[in-house]
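The values are calculated or read from the model by the stated rules, or taken from the named source; none is laboratory data. The model shown is predicted, which means the values in this text are computed figures rather than measured ones. When we count neighbours, we look across all protein chains shown, and the Cβ atoms used for this are built from the backbone with ideal geometry, even at glycine. What goes into the accessible areas is simple: the full protein's heavy atoms, side chains included, and nothing from ligands, DNA or RNA. Shrake-Rupley method; radii C 1.70, N 1.55, O 1.52, S 1.80 Å.
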Amino acid sequence: MQITFWGVRGSYPVPGAATVRYGGQTSCVEVRTAAGECVIVDAGTGMRQLGNKLAREANGQPSQYHVLLSHVHWDHIQGLPFFSPAYIPGTRISVYALLTAADELNQVIGGITRHEFFPMPLEAVPAAFDFHQVEPGVDFVVGGFHITPIALNHPFGSVGYRIDADGSSVAYVADTAPFDKVLHKQHFLAGPEPLSADDQVALTAMRDALVARLRGVDTVIYDTHFLPDEYERFPHYGHSTPDQALVICQEAGVRRLVLYHHAPGHSDEQMDQVAATYLAKGAAIGIEVLTSFEGMSLPIGAG
Amino acid sequence: MKIRFWGVRGSFAMSGRDFLRYGGNTCSVELLANDGHRLLVDLGTGATEFAKHLMGAEFGKGQGKLPILLTHTHLDHIQGLPFFTPFFIKGNEIRIMGADPISGLSLEATLQNQLAPHYSPLNGLENLAAGVTISSFVPGGTLNVPGFTVQTAAVPHGSMWTTAFRISADGKTVTFLSDVEYPSLDEPLPQALALAQDADLLIHDAMHSDLDYEMRRGWGHSPARAGVIVAERAHAKRLALFHHSPDATDDMIDEVVVRTSGETNVPVFAAAEGAYLDV
(Lines give C-alpha, C1' and ligand atoms only; values in the text may rest on other atoms or scores of the structure.)
Protein backbone atom coordinates (compact mmCIF):
# COMPACT_ATOMS: atom_id res chain seq x y z
CA MET A 1 0.00 0.00 0.00
CA GLN A 2 0.90 3.61 -0.36
CA ILE A 3 -0.68 6.61 1.36
CA THR A 4 -0.59 10.22 0.14
CA PHE A 5 -1.55 13.26 2.20
CA TRP A 6 -3.58 15.85 0.23
CA GLY A 7 -4.66 17.92 3.22
CA VAL A 8 -3.11 17.77 6.72
CA ARG A 9 -4.67 20.79 8.41
CA GLY A 10 -7.52 20.85 10.92
CA SER A 11 -10.48 23.25 11.27
CA TYR A 12 -10.16 25.43 8.19
CA PRO A 13 -7.79 26.03 5.26
CA VAL A 14 -4.92 28.41 5.99
CA PRO A 15 -3.26 30.00 2.94
CA GLY A 16 -0.20 32.19 3.24
CA ALA A 17 3.54 32.34 3.68
CA ALA A 18 3.43 30.58 7.07
CA THR A 19 2.01 27.30 5.68
CA VAL A 20 3.87 26.87 2.39
CA ARG A 21 5.85 23.79 3.42
CA TYR A 22 3.38 21.78 5.53
CA GLY A 23 0.37 22.94 3.53
CA GLY A 24 -2.84 24.77 4.31
CA GLN A 25 -5.58 22.42 3.07
CA THR A 26 -7.80 20.36 5.38
CA SER A 27 -8.05 16.61 5.96
CA CYS A 28 -7.78 14.23 3.02
CA VAL A 29 -5.65 11.10 2.60
CA GLU A 30 -5.43 8.77 -0.41
CA VAL A 31 -4.78 5.08 0.28
CA ARG A 32 -3.73 2.96 -2.70
CA THR A 33 -2.90 -0.72 -3.14
CA ALA A 34 -0.03 -2.00 -5.27
CA ALA A 35 -2.65 -2.95 -7.89
CA GLY A 36 -3.90 0.65 -8.00
CA GLU A 37 -7.14 0.31 -6.04
CA CYS A 38 -7.93 3.40 -3.99
CA VAL A 39 -9.92 4.62 -1.01
CA ILE A 40 -10.04 8.26 0.03
CA VAL A 41 -10.23 9.03 3.74
CA ASP A 42 -12.00 12.30 4.49
CA ALA A 43 -13.12 14.92 2.05
CA GLY A 44 -11.56 18.13 3.37
CA THR A 45 -10.26 20.84 1.08
CA GLY A 46 -7.25 18.70 0.12
CA MET A 47 -9.69 16.65 -1.92
CA ARG A 48 -9.81 19.29 -4.64
CA GLN A 49 -6.20 18.71 -5.65
CA LEU A 50 -6.57 14.94 -5.36
CA GLY A 51 -9.66 15.15 -7.58
CA ASN A 52 -7.76 17.13 -10.19
CA LYS A 53 -5.09 14.40 -10.28
CA LEU A 54 -7.65 11.59 -10.46
CA ALA A 55 -9.60 13.37 -13.22
CA ARG A 56 -6.40 13.70 -15.27
CA GLU A 57 -5.70 9.99 -14.77
CA ALA A 58 -9.31 9.15 -15.71
CA ASN A 59 -8.96 11.19 -18.89
CA GLY A 60 -12.69 11.84 -19.15
CA GLN A 61 -13.66 8.24 -18.41
CA PRO A 62 -16.05 7.56 -15.52
CA SER A 63 -14.78 5.57 -12.57
CA GLN A 64 -15.85 4.55 -9.08
CA TYR A 65 -14.49 6.27 -5.97
CA HIS A 66 -14.83 5.25 -2.33
CA VAL A 67 -14.76 7.95 0.34
CA LEU A 68 -14.51 7.02 4.03
CA LEU A 69 -15.57 9.90 6.27
CA SER A 70 -14.43 10.12 9.89
CA HIS A 71 -17.27 12.58 10.56
CA VAL A 72 -18.95 15.42 8.75
CA HIS A 73 -17.54 18.60 10.29
CA TRP A 74 -16.82 21.15 7.57
CA ASP A 75 -13.06 20.57 7.51
CA HIS A 76 -13.70 16.92 6.57
CA ILE A 77 -16.33 17.39 3.83
CA GLN A 78 -15.74 20.80 2.28
CA GLY A 79 -13.70 19.44 -0.63
CA LEU A 80 -16.43 17.15 -1.88
CA PRO A 81 -18.23 19.71 -4.10
CA PHE A 82 -14.84 20.56 -5.66
CA PHE A 83 -13.89 16.94 -6.46
CA SER A 84 -13.68 17.21 -10.23
CA PRO A 85 -14.31 13.51 -11.10
CA ALA A 86 -17.85 14.11 -9.70
CA TYR A 87 -18.53 16.15 -12.84
CA ILE A 88 -17.70 13.29 -15.24
CA PRO A 89 -21.01 11.62 -16.19
CA GLY A 90 -21.12 7.95 -15.22
CA THR A 91 -18.86 8.41 -12.19
CA ARG A 92 -20.01 6.67 -9.03
CA ILE A 93 -19.03 7.94 -5.59
CA SER A 94 -19.65 5.74 -2.56
CA VAL A 95 -19.56 7.59 0.73
CA TYR A 96 -19.14 5.75 4.05
CA ALA A 97 -19.81 7.48 7.36
CA LEU A 98 -20.92 7.10 10.91
CA LEU A 99 -24.55 8.09 11.15
CA THR A 100 -27.76 6.64 12.43
CA ALA A 101 -29.24 6.22 8.98
CA ALA A 102 -27.82 6.29 5.49
CA ASP A 103 -30.76 8.46 4.46
CA GLU A 104 -29.79 11.06 7.01
CA LEU A 105 -26.24 10.93 5.65
CA ASN A 106 -27.62 11.71 2.22
CA GLN A 107 -29.35 14.75 3.75
CA VAL A 108 -26.16 15.94 5.40
CA ILE A 109 -23.98 15.54 2.33
CA GLY A 110 -26.77 16.90 0.16
CA GLY A 111 -26.93 19.86 2.53
CA ILE A 112 -23.42 21.02 1.53
CA THR A 113 -24.54 21.50 -2.02
CA ARG A 114 -27.89 22.99 -1.17
CA HIS A 115 -28.46 26.28 -2.83
CA GLU A 116 -27.36 28.36 0.12
CA PHE A 117 -23.84 26.94 0.31
CA PHE A 118 -22.89 25.86 -3.21
CA PRO A 119 -24.24 26.64 -6.68
CA MET A 120 -25.13 23.10 -7.72
CA PRO A 121 -27.49 20.80 -5.78
CA LEU A 122 -26.26 17.24 -5.23
CA GLU A 123 -28.96 15.82 -7.53
CA ALA A 124 -27.61 17.93 -10.39
CA VAL A 125 -24.02 16.71 -10.01
CA PRO A 126 -23.38 14.22 -12.85
CA ALA A 127 -21.85 11.53 -10.59
CA ALA A 128 -24.17 9.06 -8.87
CA PHE A 129 -23.75 8.97 -5.10
CA ASP A 130 -24.51 6.13 -2.74
CA PHE A 131 -24.27 6.35 1.02
CA HIS A 132 -23.30 3.67 3.51
CA GLN A 133 -23.55 3.79 7.24
CA VAL A 134 -20.56 2.40 9.13
CA GLU A 135 -20.70 1.02 12.65
CA PRO A 136 -17.73 0.56 14.97
CA GLY A 137 -17.25 -3.17 15.43
CA VAL A 138 -18.72 -4.07 12.04
CA ASP A 139 -15.94 -4.59 9.52
CA PHE A 140 -16.57 -4.23 5.80
CA VAL A 141 -14.80 -4.81 2.52
CA VAL A 142 -14.24 -2.33 -0.30
CA GLY A 143 -12.54 -4.04 -3.25
CA GLY A 144 -9.22 -5.31 -1.96
CA PHE A 145 -9.43 -3.33 1.29
CA HIS A 146 -10.58 -4.78 4.61
CA ILE A 147 -11.87 -1.90 6.72
CA THR A 148 -12.37 -1.80 10.48
CA PRO A 149 -14.25 1.22 11.84
CA ILE A 150 -13.16 2.36 15.31
CA ALA A 151 -15.24 4.64 17.59
CA LEU A 152 -13.46 7.87 18.56
CA ASN A 153 -14.07 10.63 21.10
CA HIS A 154 -15.23 13.78 19.30
CA PRO A 155 -18.28 16.09 19.49
CA PHE A 156 -21.31 14.23 18.06
CA GLY A 157 -19.14 11.20 17.28
CA SER A 158 -16.33 10.36 14.93
CA VAL A 159 -14.94 7.13 13.57
CA GLY A 160 -11.39 6.05 12.76
CA TYR A 161 -10.51 3.38 10.23
CA ARG A 162 -8.02 0.54 10.23
CA ILE A 163 -7.38 -0.33 6.59
CA ASP A 164 -5.76 -3.66 5.66
CA ALA A 165 -4.62 -4.52 2.12
CA ASP A 166 -1.61 -6.06 0.39
CA GLY A 167 -0.69 -7.79 3.65
CA SER A 168 -0.10 -4.48 5.42
CA SER A 169 -2.19 -2.02 7.36
CA VAL A 170 -2.64 1.66 8.11
CA ALA A 171 -4.96 3.29 10.65
CA TYR A 172 -6.56 6.72 10.42
CA VAL A 173 -7.33 8.02 13.92
CA ALA A 174 -8.92 11.47 13.53
CA ASP A 175 -10.62 13.40 14.92
CA THR A 176 -10.35 12.38 18.53
CA ALA A 177 -9.81 13.74 22.01
CA PRO A 178 -7.91 11.56 24.49
CA PHE A 179 -9.95 9.25 26.69
CA ASP A 180 -9.64 10.73 30.15
CA LYS A 181 -10.98 14.24 30.85
CA VAL A 182 -13.95 14.59 28.52
CA LEU A 183 -16.50 12.22 27.00
CA HIS A 184 -17.99 13.80 23.91
CA LYS A 185 -21.70 13.25 23.44
CA GLN A 186 -24.51 14.73 21.42
CA HIS A 187 -24.52 18.21 22.92
CA PHE A 188 -22.50 21.41 22.91
CA LEU A 189 -19.70 21.62 25.47
CA ALA A 190 -18.78 25.10 26.70
CA GLY A 191 -16.11 23.41 28.82
CA PRO A 192 -15.27 20.05 30.40
CA GLU A 193 -18.21 18.52 32.31
CA PRO A 194 -17.89 16.23 35.36
CA LEU A 195 -17.63 12.57 34.35
CA SER A 196 -20.15 10.06 35.74
CA ALA A 197 -19.15 6.48 36.55
CA ASP A 198 -20.83 5.42 33.27
CA ASP A 199 -18.83 8.05 31.38
CA GLN A 200 -15.60 6.65 32.85
CA VAL A 201 -16.60 3.15 31.77
CA ALA A 202 -17.45 4.38 28.26
CA LEU A 203 -14.12 6.19 27.90
CA THR A 204 -12.14 3.17 29.09
CA ALA A 205 -14.03 0.90 26.70
CA MET A 206 -13.43 3.25 23.77
CA ARG A 207 -9.74 3.51 24.57
CA ASP A 208 -9.33 -0.26 25.02
CA ALA A 209 -11.06 -0.95 21.71
CA LEU A 210 -8.83 1.59 19.92
CA VAL A 211 -5.65 0.07 21.36
CA ALA A 212 -6.85 -3.44 20.46
CA ARG A 213 -7.62 -2.48 16.84
CA LEU A 214 -4.28 -0.70 16.42
CA ARG A 215 -2.31 -3.82 17.40
CA GLY A 216 -0.18 -4.97 14.48
CA VAL A 217 -0.85 -1.85 12.38
CA ASP A 218 2.18 -0.70 10.38
CA THR A 219 1.46 3.03 10.43
CA VAL A 220 -0.97 5.10 12.50
CA ILE A 221 -2.14 8.55 11.34
CA TYR A 222 -3.33 10.40 14.46
CA ASP A 223 -5.14 13.67 15.25
CA THR A 224 -2.40 15.68 16.99
CA HIS A 225 -4.01 19.09 16.54
CA PHE A 226 -2.79 20.48 19.85
CA LEU A 227 0.48 21.10 21.58
CA PRO A 228 0.27 20.17 25.29
CA ASP A 229 -0.32 23.73 26.56
CA GLU A 230 -3.04 24.30 23.96
CA TYR A 231 -4.76 21.08 24.98
CA GLU A 232 -4.82 22.20 28.61
CA ARG A 233 -6.73 25.32 27.57
CA PHE A 234 -9.16 23.54 25.22
CA PRO A 235 -9.60 19.93 26.45
CA HIS A 236 -13.25 19.99 25.31
CA TYR A 237 -12.48 20.75 21.64
CA GLY A 238 -12.14 17.10 20.71
CA HIS A 239 -8.47 16.88 19.68
CA SER A 240 -5.28 15.25 20.98
CA THR A 241 -1.59 16.03 21.37
CA PRO A 242 1.37 14.08 19.95
CA ASP A 243 2.21 12.90 23.49
CA GLN A 244 -1.25 11.36 23.87
CA ALA A 245 -0.88 9.69 20.45
CA LEU A 246 2.51 8.27 21.46
CA VAL A 247 1.04 6.68 24.61
CA ILE A 248 -1.69 4.95 22.59
CA CYS A 249 0.78 3.78 19.94
CA GLN A 250 3.21 2.48 22.54
CA GLU A 251 0.50 0.44 24.24
CA ALA A 252 -0.63 -0.98 20.90
CA GLY A 253 2.94 -1.86 19.89
CA VAL A 254 2.77 0.42 16.84
CA ARG A 255 6.17 1.31 15.34
CA ARG A 256 5.29 4.28 13.13
CA LEU A 257 3.12 7.31 13.98
CA VAL A 258 2.21 10.14 11.60
CA LEU A 259 1.21 13.46 13.20
CA TYR A 260 -1.82 14.88 11.40
CA HIS A 261 -4.66 17.48 11.56
CA HIS A 262 -2.31 20.33 12.46
CA ALA A 263 -3.91 23.36 14.14
CA PRO A 264 -4.53 26.16 11.63
CA GLY A 265 -2.40 28.58 13.68
CA HIS A 266 0.74 26.41 13.60
CA SER A 267 3.30 27.94 11.24
CA ASP A 268 5.90 25.97 9.29
CA GLU A 269 8.52 26.99 11.87
CA GLN A 270 6.38 25.68 14.72
CA MET A 271 5.73 22.48 12.80
CA ASP A 272 9.48 22.03 12.28
CA GLN A 273 9.88 22.21 16.06
CA VAL A 274 7.00 19.78 16.63
CA ALA A 275 8.55 17.40 14.09
CA ALA A 276 12.00 17.53 15.73
CA THR A 277 10.66 17.26 19.29
CA TYR A 278 8.49 14.23 18.62
CA LEU A 279 10.97 12.51 16.32
CA ALA A 280 13.27 12.43 19.35
CA LYS A 281 10.54 11.51 21.86
CA GLY A 282 9.36 8.70 19.59
CA ALA A 283 12.87 7.39 18.94
CA ALA A 284 13.39 7.08 22.70
CA ILE A 285 10.56 4.52 22.88
CA GLY A 286 11.12 2.82 19.53
CA ILE A 287 8.45 4.65 17.53
CA GLU A 288 9.28 6.41 14.27
CA VAL A 289 7.36 9.71 14.33
CA LEU A 290 6.72 11.51 11.05
CA THR A 291 4.97 14.86 10.70
CA SER A 292 2.63 14.89 7.73
CA PHE A 293 2.82 17.61 5.10
CA GLU A 294 0.77 18.17 1.97
CA GLY A 295 2.05 15.95 -0.82
CA MET A 296 3.82 13.46 1.47
CA SER A 297 3.64 9.87 0.20
CA LEU A 298 4.55 6.88 2.36
CA PRO A 299 4.88 3.24 1.46
CA ILE A 300 3.05 1.04 4.00
CA GLY A 301 4.49 -2.39 4.79
CA ALA A 302 6.40 -4.27 2.14
CA GLY A 303 4.09 -3.76 -0.84
CA MET B 1 -11.93 55.88 4.44
CA LYS B 2 -9.45 53.01 4.15
CA ILE B 3 -9.92 49.52 2.80
CA ARG B 4 -8.13 46.27 3.58
CA PHE B 5 -8.53 43.07 1.62
CA TRP B 6 -8.33 40.08 4.02
CA GLY B 7 -9.46 37.56 1.40
CA VAL B 8 -9.64 38.04 -2.38
CA ARG B 9 -9.95 34.46 -3.66
CA GLY B 10 -13.17 33.06 -5.10
CA SER B 11 -14.68 29.60 -4.62
CA PHE B 12 -11.84 27.90 -2.78
CA ALA B 13 -9.01 28.87 -0.42
CA MET B 14 -5.61 28.22 -2.02
CA SER B 15 -2.43 27.62 -0.06
CA GLY B 16 1.10 27.30 -1.41
CA ARG B 17 3.85 29.25 -3.10
CA ASP B 18 1.86 30.20 -6.18
CA PHE B 19 -0.66 32.23 -4.20
CA LEU B 20 1.48 34.30 -1.83
CA ARG B 21 1.46 37.75 -3.42
CA TYR B 22 -2.30 38.11 -3.99
CA GLY B 23 -3.25 35.70 -1.20
CA GLY B 24 -5.27 32.50 -1.06
CA ASN B 25 -7.98 33.35 1.47
CA THR B 26 -11.60 33.52 0.34
CA CYS B 27 -13.63 36.73 0.31
CA SER B 28 -13.50 39.15 3.21
CA VAL B 29 -13.00 42.93 2.94
CA GLU B 30 -12.77 45.53 5.71
CA LEU B 31 -13.71 49.20 5.40
CA LEU B 32 -12.40 51.60 8.02
CA ALA B 33 -13.80 55.13 8.34
CA ASN B 34 -11.58 57.99 9.54
CA ASP B 35 -13.52 58.13 12.83
CA GLY B 36 -12.70 54.46 13.55
CA HIS B 37 -15.99 52.84 12.50
CA ARG B 38 -15.44 49.49 10.83
CA LEU B 39 -17.51 47.44 8.42
CA LEU B 40 -16.78 43.96 7.08
CA VAL B 41 -18.06 42.56 3.81
CA ASP B 42 -18.26 38.73 3.78
CA LEU B 43 -16.89 36.03 6.06
CA GLY B 44 -14.66 33.90 3.84
CA THR B 45 -11.45 32.44 5.31
CA GLY B 46 -9.88 35.93 5.16
CA ALA B 47 -12.15 36.83 8.08
CA THR B 48 -10.13 34.49 10.33
CA GLU B 49 -7.07 36.70 9.80
CA PHE B 50 -9.13 39.85 10.35
CA ALA B 51 -10.38 38.23 13.57
CA LYS B 52 -6.82 37.90 14.92
CA HIS B 53 -6.29 41.59 14.16
CA LEU B 54 -9.51 42.54 16.01
CA MET B 55 -8.74 40.36 19.04
CA GLY B 56 -5.61 42.43 19.69
CA ALA B 57 -7.86 45.45 20.31
CA GLU B 58 -11.26 46.03 21.92
CA PHE B 59 -12.75 42.77 20.60
CA GLY B 60 -10.36 40.76 22.78
CA LYS B 61 -11.87 42.52 25.81
CA GLY B 62 -15.47 42.02 24.73
CA GLN B 63 -15.96 45.68 23.89
CA GLY B 64 -16.08 45.51 20.10
CA LYS B 65 -18.93 46.39 17.78
CA LEU B 66 -18.95 45.26 14.18
CA PRO B 67 -21.47 45.26 11.36
CA ILE B 68 -20.95 42.52 8.76
CA LEU B 69 -22.58 42.59 5.32
CA LEU B 70 -23.00 39.33 3.42
CA THR B 71 -23.22 39.29 -0.36
CA HIS B 72 -24.68 35.76 -0.23
CA THR B 73 -24.20 32.46 1.60
CA HIS B 74 -22.08 30.36 -0.75
CA LEU B 75 -19.36 28.74 1.36
CA ASP B 76 -16.49 30.90 0.13
CA HIS B 77 -18.31 33.91 1.64
CA ILE B 78 -19.21 32.37 5.02
CA GLN B 79 -16.67 29.61 5.74
CA GLY B 80 -14.77 31.83 8.19
CA LEU B 81 -17.85 32.32 10.38
CA PRO B 82 -17.29 29.36 12.74
CA PHE B 83 -13.69 30.53 13.31
CA PHE B 84 -14.30 34.27 13.70
CA THR B 85 -12.96 34.54 17.25
CA PRO B 86 -14.75 37.80 18.27
CA PHE B 87 -17.94 35.66 18.27
CA PHE B 88 -16.55 33.73 21.23
CA ILE B 89 -16.00 36.74 23.52
CA LYS B 90 -18.94 37.82 25.65
CA GLY B 91 -19.73 41.49 25.29
CA ASN B 92 -18.87 41.94 21.63
CA GLU B 93 -21.83 43.08 19.57
CA ILE B 94 -21.85 41.80 16.02
CA ARG B 95 -24.62 42.35 13.54
CA ILE B 96 -24.75 40.26 10.37
CA MET B 97 -26.88 41.65 7.57
CA GLY B 98 -27.77 40.01 4.29
CA ALA B 99 -30.58 39.08 1.96
CA ASP B 100 -32.55 35.86 2.48
CA PRO B 101 -31.43 33.18 0.00
CA ILE B 102 -33.91 32.36 -2.74
CA SER B 103 -34.34 28.83 -1.33
CA GLY B 104 -37.04 30.15 0.98
CA LEU B 105 -34.95 29.73 4.14
CA SER B 106 -34.16 32.92 6.04
CA LEU B 107 -30.58 34.15 6.32
CA GLU B 108 -30.63 33.24 10.01
CA ALA B 109 -31.86 29.70 9.33
CA THR B 110 -29.19 29.27 6.67
CA LEU B 111 -26.42 30.29 9.05
CA GLN B 112 -27.96 28.03 11.72
CA ASN B 113 -27.63 25.19 9.20
CA GLN B 114 -23.95 26.03 8.74
CA LEU B 115 -23.48 25.54 12.49
CA ALA B 116 -25.74 22.48 12.74
CA PRO B 117 -24.23 19.74 14.93
CA HIS B 118 -23.35 17.55 11.96
CA TYR B 119 -21.17 20.29 10.48
CA SER B 120 -19.82 22.19 13.46
CA PRO B 121 -19.18 21.52 17.15
CA LEU B 122 -20.56 25.03 17.82
CA ASN B 123 -24.01 23.46 17.39
CA GLY B 124 -25.91 26.65 16.68
CA LEU B 125 -25.69 30.42 16.73
CA GLU B 126 -27.03 30.48 20.29
CA ASN B 127 -23.69 29.07 21.51
CA LEU B 128 -21.71 32.06 20.27
CA ALA B 129 -20.85 33.97 23.45
CA ALA B 130 -20.92 37.41 21.81
CA GLY B 131 -24.17 39.18 21.11
CA VAL B 132 -24.83 38.19 17.51
CA THR B 133 -27.87 39.49 15.67
CA ILE B 134 -28.78 38.42 12.18
CA SER B 135 -31.04 40.59 10.14
CA SER B 136 -32.37 40.09 6.64
CA PHE B 137 -33.00 42.94 4.25
CA VAL B 138 -34.53 43.17 0.82
CA PRO B 139 -31.88 44.48 -1.59
CA GLY B 140 -32.66 47.75 -3.34
CA GLY B 141 -32.69 50.07 -0.35
CA THR B 142 -30.23 51.61 2.06
CA LEU B 143 -28.92 50.09 5.29
CA ASN B 144 -28.43 51.76 8.61
CA VAL B 145 -24.78 51.08 9.44
CA PRO B 146 -23.09 53.40 11.96
CA GLY B 147 -20.43 55.53 10.31
CA PHE B 148 -21.28 54.53 6.72
CA THR B 149 -23.92 55.08 4.08
CA VAL B 150 -24.75 51.77 2.42
CA GLN B 151 -26.90 51.29 -0.65
CA THR B 152 -27.78 47.80 -1.86
CA ALA B 153 -28.95 46.12 -5.05
CA ALA B 154 -29.58 42.54 -6.13
CA VAL B 155 -27.44 41.37 -9.06
CA PRO B 156 -27.58 38.03 -10.91
CA HIS B 157 -25.19 35.23 -9.92
CA GLY B 158 -25.92 32.17 -12.04
CA SER B 159 -29.31 30.83 -11.04
CA MET B 160 -29.51 33.06 -7.96
CA TRP B 161 -28.88 36.63 -6.79
CA THR B 162 -26.20 38.24 -4.72
CA THR B 163 -26.25 41.63 -3.01
CA ALA B 164 -24.00 44.40 -4.32
CA PHE B 165 -23.08 47.35 -2.10
CA ARG B 166 -22.23 51.02 -2.50
CA ILE B 167 -20.49 52.08 0.70
CA SER B 168 -19.66 55.72 1.46
CA ALA B 169 -17.85 57.47 4.27
CA ASP B 170 -15.60 60.53 4.59
CA GLY B 171 -16.73 61.75 1.18
CA LYS B 172 -15.40 58.60 -0.52
CA THR B 173 -17.28 55.71 -2.11
CA VAL B 174 -16.43 52.03 -2.61
CA THR B 175 -18.67 49.82 -4.77
CA PHE B 176 -18.62 46.07 -4.19
CA LEU B 177 -19.83 43.99 -7.16
CA SER B 178 -18.95 40.32 -6.53
CA ASP B 179 -20.19 37.60 -7.35
CA VAL B 180 -21.95 38.73 -10.51
CA GLU B 181 -22.52 37.84 -14.14
CA TYR B 182 -24.59 40.12 -16.35
CA PRO B 183 -26.91 38.61 -18.98
CA SER B 184 -24.80 40.41 -21.59
CA LEU B 185 -21.19 41.40 -20.98
CA ASP B 186 -21.57 44.59 -23.01
CA GLU B 187 -24.76 45.67 -21.25
CA PRO B 188 -24.16 45.75 -17.49
CA LEU B 189 -27.42 45.99 -15.57
CA PRO B 190 -28.65 49.48 -14.61
CA GLN B 191 -28.62 48.69 -10.88
CA ALA B 192 -24.92 47.79 -11.12
CA LEU B 193 -24.12 51.00 -13.00
CA ALA B 194 -26.10 53.06 -10.50
CA LEU B 195 -24.18 51.61 -7.54
CA ALA B 196 -20.84 52.23 -9.28
CA GLN B 197 -21.61 55.77 -10.49
CA ASP B 198 -18.57 58.02 -9.81
CA ALA B 199 -17.23 55.56 -7.21
CA ASP B 200 -13.70 56.17 -6.02
CA LEU B 201 -13.07 52.43 -6.08
CA LEU B 202 -15.01 49.72 -7.90
CA ILE B 203 -14.32 46.17 -6.65
CA HIS B 204 -15.54 43.77 -9.33
CA ASP B 205 -15.78 40.02 -9.85
CA ALA B 206 -12.96 38.97 -12.19
CA MET B 207 -13.03 35.21 -11.65
CA HIS B 208 -12.50 34.21 -15.25
CA SER B 209 -9.85 34.92 -17.81
CA ASP B 210 -11.40 35.95 -21.13
CA LEU B 211 -10.62 32.47 -22.49
CA ASP B 212 -12.21 30.61 -19.56
CA TYR B 213 -15.25 32.82 -19.74
CA GLU B 214 -16.22 31.45 -23.12
CA MET B 215 -16.45 27.98 -21.56
CA ARG B 216 -18.10 29.10 -18.33
CA ARG B 217 -20.85 31.48 -19.38
CA GLY B 218 -23.84 31.18 -17.12
CA TRP B 219 -21.82 29.98 -14.10
CA GLY B 220 -22.39 33.31 -12.35
CA HIS B 221 -18.99 35.00 -12.60
CA SER B 222 -17.39 37.66 -14.77
CA PRO B 223 -14.18 38.11 -16.69
CA ALA B 224 -12.03 41.20 -15.94
CA ARG B 225 -13.55 42.91 -18.98
CA ALA B 226 -16.97 43.14 -17.26
CA GLY B 227 -15.47 45.30 -14.50
CA VAL B 228 -13.82 47.54 -17.10
CA ILE B 229 -17.12 48.10 -18.87
CA VAL B 230 -18.91 48.98 -15.61
CA ALA B 231 -16.07 51.26 -14.47
CA GLU B 232 -15.99 53.15 -17.78
CA ARG B 233 -19.75 53.60 -18.10
CA ALA B 234 -20.19 54.58 -14.46
CA HIS B 235 -17.07 56.80 -14.40
CA ALA B 236 -15.52 54.91 -11.49
CA LYS B 237 -12.08 56.29 -10.66
CA ARG B 238 -10.30 53.01 -9.98
CA LEU B 239 -11.01 49.32 -10.59
CA ALA B 240 -9.95 46.45 -8.31
CA LEU B 241 -10.18 42.99 -9.86
CA PHE B 242 -11.52 40.62 -7.20
CA HIS B 243 -12.68 37.03 -6.55
CA HIS B 244 -9.65 35.55 -8.30
CA SER B 245 -10.03 31.99 -9.58
CA PRO B 246 -8.46 29.29 -7.41
CA ASP B 247 -6.58 28.23 -10.55
CA ALA B 248 -5.07 31.72 -11.04
CA THR B 249 -1.47 31.82 -9.78
CA ASP B 250 0.21 35.11 -8.86
CA ASP B 251 1.90 35.24 -12.27
CA MET B 252 -1.39 34.64 -14.08
CA ILE B 253 -3.06 37.47 -12.15
CA ASP B 254 -0.12 39.75 -13.02
CA GLU B 255 -0.78 39.05 -16.70
CA VAL B 256 -4.51 39.79 -16.36
CA VAL B 257 -3.69 43.15 -14.76
CA VAL B 258 -1.26 44.09 -17.53
CA ARG B 259 -3.67 43.05 -20.26
CA THR B 260 -6.68 44.71 -18.65
CA SER B 261 -4.78 47.94 -18.00
CA GLY B 262 -3.93 48.06 -21.69
CA GLU B 263 -7.61 48.04 -22.60
CA THR B 264 -8.82 51.02 -20.55
CA ASN B 265 -7.87 54.42 -19.17
CA VAL B 266 -9.32 53.50 -15.76
CA PRO B 267 -6.49 52.61 -13.36
CA VAL B 268 -6.70 48.85 -12.69
CA PHE B 269 -5.15 46.67 -9.98
CA ALA B 270 -5.79 43.19 -8.69
CA ALA B 271 -7.03 43.06 -5.10
CA ALA B 272 -4.43 41.50 -2.82
CA GLU B 273 -4.29 40.57 0.85
CA GLY B 274 -2.15 43.08 2.70
CA ALA B 275 -2.02 46.56 4.09
CA TYR B 276 -4.69 49.25 4.49
CA LEU B 277 -5.19 51.27 1.32
CA ASP B 278 -6.57 54.78 1.08
CA VAL B 279 -9.77 54.88 -0.97
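Structural remarks
- Within region B:250-279, if we keep just the residues that are over 17 Å from B:Pro223 (Cβ atoms) and of a type outside the set (A, V, I, L, M), the residue that is surrounded by the most Cβ atoms within 10 Å (Cβ to Cβ) turns out to be B:Glu273.
- Members of region A:168-201 found to be part of a loop (DSSP other than H, G, I, E, B), loosely packed, with under 12 Cβ neighbours inside 10 Å and either away from chain B (no Cβ under 14 Å) or modelled with pLDDT of 95 or more (or both), listed by number: A:Pro194, A:Ser196
- When A:Gly110 is tested against (1) more than 10 Å from chain B (Cβ to nearest Cβ); (2) buried (at least 18 other Cβ atoms within 10 Å of the Cβ), only condition (2) is not met.
- Taking region A:212-303 and the helices (runs of 4 or more DSSP H) fully enclosed by it, the elements with 3 or more residues that are of a type in the set (A, V, I, L, M, F, W, C) are at A:242-252, A:268-284.
- Which listed residue is among the aromatic types (Phe, Trp, Tyr), within 14 Å of another protein chain (Cβ to nearest Cβ) and surrounded by 20 or more Cβ atoms within 10 Å (Cβ to Cβ), from B:Phe88, B:Phe12: B:Phe12
- Residues of region A:83-98 that turn out to be closer than 21 Å to A:Glu116 by Cβ and either open to solvent by 10 Å² or more (accessible area, probe 1.4 Å) or within 13 Å of chain B (Cβ to nearest Cβ) (or both), as a count: 2
- Scanning region B:118-151 for residues that are at the interface with chain A (Cβ under 8 Å from one of its Cβ atoms) and open to solvent by 40 Å² or more (accessible area, probe 1.4 Å) returns B:His118, B:Pro121, B:Asn127.
- Candidates A:Leu69, A:Leu80, filtered to the one that is within 14 Å of chain B (Cβ to nearest Cβ) and open to solvent by 10 Å² or more (accessible area, probe 1.4 Å): A:Leu80
Residues are listed down the side, and each one gets a yes or a no for (1) open to solvent by 60 Å² or more (accessible area, probe 1.4 Å); (2) closer than 21 Å to A:Gly157 by Cα:
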site: A:Leu203; (1), (2): no, yes
site: A:Ala209; (1), (2): no, yes
site: A:Arg233; (1), (2): yes, no
site: A:Val254; (1), (2): no, no
site: A:Tyr260; (1), (2): no, yes
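- Qualifying residue in region A:24-39 (condition: in contact with a helix residue (DSSP H, G or I) (Cβ under 6 Å, 6 or more places away or on another chain) and either open to solvent by 10 Å² or more (accessible area, probe 1.4 Å) or aliphatic (A, V, I, L, M) (or both)): no
- B:Pro101 meets each of the listed conditions (1) open to solvent by 10 Å² or more (accessible area, probe 1.4 Å); (2) part of a helix (DSSP H, G or I) apart from (2).
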